[in-house]
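The structure under discussion appears below in the form of structure tokens.
The values are calculated or read from the model by the stated rules, or taken from the named source; none is laboratory data. These numbers come from a predicted model, not from an experiment. We place every Cβ from the backbone using ideal geometry, glycine too, and count neighbours over all the protein chains shown.
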Amino acid sequence: MGNVFGEKKSAKEIVREQKRLVNRSIRQLDREINGLKREEKKLITNIKKDAKANQMSSVKIMAKDLVRIRKQQTKFLNLTAQLRAISLQMTTVQSINTMSESIKKVSKAMTKLNAQIKLPELQKAINNFVKENEKMELKQEVMEDAMEDVFEDEENEEQEEQIVNQVLDELQINLDQQLVDAPGATKKVEKVENKDKEL
């Protein structure tokens, strides 16, 4: 179906229009039901009044009208419930249609994106990245090894210096002891001791 200008209506517009018509019908039925309820109250009041006045023929006629009004109310209530269910279904259809349109848009966008992405160029870029990353890791490993060697050499030099100092200290002690134990050294020590005694 088209509108006045011959343009085709979208599914969203069609659903909106039909839902508006359904809601209008529901409001009309609600007004009819409210009117029947008012008539029912009046009939009940009149039935009680005529029953007290012992006008049974009038009571029977109004009782038939009351039954008819209540049946009409039931029909209207059922119809209103059905129309509300239809309105809910239209809302669901509208949601599904909106979701479908969104999916179509996303699909088109993905199609364009896939068309722009060229697999050979992408594969080449990935391979270049992998190579450059490997080079960077190799350089980093070489730098780390070099730094470790420098620090290790410094530590080794410090340890060697400590060992040399320790050995020299031990040799100095041994050398002094040897000088004390030597014969000439003993005589010198005795002379020094005798001079001290004379003084």
The condition of being free of Cβ contacts under 8 Å to residues at least 12 places away in the same chain and surrounded by 12 or more Cβ atoms within 10 Å (Cβ to Cβ) holds, among Ala85, Ala51, Ala11, Ala63, only for Ala51
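Being surrounded by 12 or more Cβ atoms within 10 Å (Cβ to Cβ), assigned to a helix (DSSP H, G or I) and of a type in the set (A, V, I, L, M): is that true of Leu79 here?
Criteria met by Leu79.
Okay, residues lined up against (1) in contact with a Phe, Trp or Tyr (Cβ under 9 Å, 6 or more places away or on another chain); (2) modelled with pLDDT of 70 or more; (3) more than 30 Å from Ala11 (Cα to Cα); (4) part of a helix (DSSP H, G or I):
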site: Lys104; (1), (2), (3), (4): no, yes, no, yes
site: Glu144; (1), (2), (3), (4): no, yes, yes, yes
site: Asp153; (1), (2), (3), (4): no, no, yes, yes
site: Asn174; (1), (2), (3), (4): no, no, yes, yes
Only one of Ile33, Ile26 is without any contact (Cβ under 8 Å) to a residue 60 or more places away in the chain and surrounded by 12 or more Cβ atoms within 10 Å (Cβ to Cβ), namely Ile33
